[in-house]
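Since the structure comes first, as structure tokens, the remarks are kept for the end.
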Amino acid sequence: MKRPAVTAADTGRSAGETALLEEFTQAGFEGRVLDQIGDMVTVTDLKGRIVYVNRAVERVLGWSRQELLGKAVQVYGDDTEEGATQEDIVRVTRERGAWLGEVINVDRHGNRHVVEAHTFLMRNEAGMPVAMCGVARDVTERREMERRQLSMEAQLRQAQKLEAIGVLAGGVAHEINNPIAGVMNYAELIMDRVDGKHEIGDFAREIKRETQRVATIVSSLLEFAGRDRGVREPASLAEIVDGVLTLVSAIMRHDNIRIDVDLPADLPAVHCHAQQMQQVIMNLLTNARDALNEKFKNDADQKHIVIRAVAARRGHRVQVTVEDDGPGIPAQARERIFDPFYTTKPQGQGTGLGLAISRKIVQNQGGRMWLESEEGLYTRFCIEIPTAAQAAEEAESES
């Protein structure tokens, strides 16, 4: 059945505009040419109302041609996306003759598509604009691949940076060790030869205290630079945590900090170096203690730390969390929190190596470590390590 002709009087368009748009309503033309290309083609009148879409538009965005005809292009656009709006595109195309850019389209199922689009004016024989044509290509997968590539490159640069820092730190630490030991020995000799009440003795004790702090930093540098030399074997997470709590319970009681432990009785054994995992949990508890003391200086009842563990990834991993109700970590600091020498503590109260070393220990044991925090409310450090059964299975498959 022949489609009724559309006249200029019916639409308010000029005769030339109507004649050109009528070409895009002839079924034979649609099927023979534009429906065969993979790019999305949309033709609108000068107000942005759709008069033609090819099959690629239907395929990518899910709406039928009948649903789109006569509608404004925003029917499948995302007006909330920052950047050019459909009104901007129409205006620029009419003023300059063309528009080229990238927009976001949302299909009928709510999926977002990154689209490269080129919109240009269509003119009649007299050179008068009568319509606009948009040619668009879905580049969602390409943009996602580019995003992943950039992420992998950033991770590689970070790994190379940490490796370089580790080599440098190890060399510096070895060079510093001997003179530091000499300074400490001389300080002890001075303390032995002067009266305990003499001012020089006080100076010597201060020298020893500061050199001990330097020695601690050197030890941390060596730990950070060193490779994983520990033997990993099946271990009970409950025993690891109990060992740490034995060491810190006195100081936590002194600061009126309550520690709750939630470890299921049926939690599977983990595959790790137990002593190194104790070092990690000890560091997290120490950081939590400092955070709580900073936030609740005079309100001891609010100081609370929770240690939890659950089986994860269908029982192949165990996830451990250490959470405190302290001040949280500012958003700008979260991305750098695991960087060597970066610390949120006041000057002189932290080396910025504890979390860097902790994460390296976890990674060396086949796990991962990350941060969750909301400023003013909480900080939660999460550790995920393989179970002993999973580690044995992986070792068997590799042999």
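Of all residues in the stretch 283-312, none that is in contact (Cβ under 8 Å) with a residue 60 or more places away in the chain and within 26 Å of I240 (Cα to Cα) has its Cβ atom under 9 Å from the Cβ atom of a residue that is among the aromatic types (F, W, Y) and assigned to a helix (DSSP H, G or I), 6 or more apart or on another chain.
Looking at the stretch 81-139, the strands (runs of 3 or more DSSP E) lying wholly inside it that each contain 1 or more residues that are open to solvent by 60 Å² or more (accessible area, probe 1.4 Å), touching a strand residue (DSSP E or B) at 6+ places or on another chain (Cβ under 9 Å) and of a type in the set (A, V, I, L, M, F, W, C) sit at 98-106, 112-123. Close Cβ contacts (under 7 Å, 6 or more residues apart or on different chains) running from residues in the stretch 87-107 that are closer than 19 Å to L46 by Cα to residues that are open to solvent by less than 30 Å² (accessible area, probe 1.4 Å) and part of a helix (DSSP H, G or I) comprise W99/I89; W99/V92; W99/T93.
Selection of first residues in the stretch 38-61 that are at positive phi and of second residues that are of a type in the set (A, V, I, L, M), restricted to Cβ pairs under 6 Å at least 6 apart or on distinct chains, gives the following pairs, ordered by first then second residue: G48/A72; G48/V73; G48/V90. Could you list, in sequence order, all residues of the stretch 150-204 that are at pLDDT below 65 and among the β-branched types (V, I, T)? Passing the criteria: I165, V167. Of all residues in the stretch 306-329, those satisfying the criterion of being of a type in the set (A, V, I, L, M) and either buried (at least 18 other Cβ atoms within 10 Å of the Cβ) or modelled with pLDDT of 90 or more (or both) are V306, I307, A309, V310, A311, V318, V320, V322, I329. The set of residues in the stretch 280-289 that are open to solvent by 50 Å² or more (accessible area, probe 1.4 Å) and over 14 Å from V362 (Cβ atoms) comprises T286, R289.
Filtering the stretch 252-279 to residues that are open to solvent by 30 Å² or more (accessible area, probe 1.4 Å) and either among the hydrophobic types (A, V, I, L, M, F, W, C) or assigned to a strand (DSSP E or B) (or both) leaves R258, I259, D260, V261, D262, L263, A265, L267, A269, H271, A274.
In this structure, does N298 turn out to be over 21 Å from L355 (Cβ atoms) and either in a loop (DSSP other than H, G, I, E, B) or at pLDDT below 90 (or both)?
Details: over 21 Å from L355 (Cβ atoms): yes; either in a loop (DSSP other than H, G, I, E, B) or at pLDDT below 90 (or both): yes.
Yes, satisfied.
Just for the stretch 354-387: of the residues that are of a type in the set (A, V, I, L, M) and crowded, with 18+ Cβ neighbours inside 10 Å, which one is nearest to the chain's Cα centre (by Cα)? Talk me through it step by step, then tell me what you get.
Step one: list which residues in the stretch 354-387 are of a type in the set (A, V, I, L, M), which gives 355-357, 361-362, 369, 371, 377, 383, 385.
Applying the additional criterion that residues be crowded, with 18+ Cβ neighbours inside 10 Å yields 355-357, 361-362, 369, 383, 385.
On the way: L355: 17, A356: 17, I357: 20, I361: 21, V362: 18, M369: 12, I383: 16, I385: 20 Å.
Taking the candidates together, the pick is M369.
For the stretch 61-80, the count of residues that are modelled with pLDDT of 85 or more, open to solvent by 30 Å² or more (accessible area, probe 1.4 Å), farther than 15 Å from C133 by Cα and assigned to a helix (DSSP H, G or I) is at least one.
Hey, can you tell me all the residues within the stretch 32-56 that are aliphatic (A, V, I, L, M), assigned to a loop (DSSP other than H, G, I, E, B) and within 41 Å of the chain's Cα centre (by Cα)?
Going through the stretch 32-56, the residues aliphatic (A, V, I, L, M) turn out to be 33-34, 37, 40-41, 43, 46, 50-51, 53, 56.
Within this subset, residues satisfying the condition of being assigned to a loop (DSSP other than H, G, I, E, B) are 33, 37, 46.
The answer is I37, and nothing else.
The values are calculated or read from the model by the stated rules, or taken from the named source; none is laboratory data. This one's a predicted model, so the numbers in the text were calculated from it and none came from an experiment. Backbone-built Cβ (ideal geometry, glycine too); neighbour counts: all protein chains shown. Areas reflect the complete protein model, heavy atoms only, side chains present, ligands, DNA and RNA absent. Shrake-Rupley method; radii C 1.70, N 1.55, O 1.52, S 1.80 Å.
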